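Accompanying notes for the structure given below.
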Amino acid sequence: MDNEPWQRRAKAAGLSQKMLAEMTGRPVNTISRQIRGEHGAVPLHLIAVITAWELMGEEQRDEWRRLLAREAARQDAAG
């Protein structure tokens, strides 16, 4: 990650671009461009995930990731 403001915040919170990609269902290279604001403002969905992550404790983060993984599996199974 470079030193763009939202990249710094995500990194400070322990949130990698790979994790952001997994959580949002987007490719890592897309997240990389979006978090740098390469095509304008950083998208609100990334801001929402980063700020939520900052507010959560470790247990909440773990539970959220488990819930997201379960929902992703359901979507994959549905086709």
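Here's the picture: charge each Lys and Arg Cβ at +1 and each Asp and Glu Cβ at -1 in the chain, and of 27, 17, 57 the one pushed furthest to the positive end of that dipole is 27. One equal scatterer on each Cα of the chain, no solvent, Debye formula: the resulting log10 I(q)/I(0) at q = 0.16, 0.19, 0.23, 0.25 Å⁻¹ is -0.59, -0.81, -1.09, -1.22.
Which of these, 68, 44, 20, has the largest mean-square fluctuation under a Gaussian network model of the chain (Cα springs below 10 Å)? In the Gaussian network model the winner is 44. Each Lys or Arg adds one and each Asp or Glu subtracts one; over the other residues with Cβ under 10 Å from the Cβ of residue 13, this totals +3.
The numbers here are math on the coordinates, done by the rules we state, and not lab data. Because the structure is a prediction, the values reported are computed rather than measured. Note that we place each Cβ from the backbone using ideal geometry, even for glycine, and neighbour counts take in every protein chain shown.
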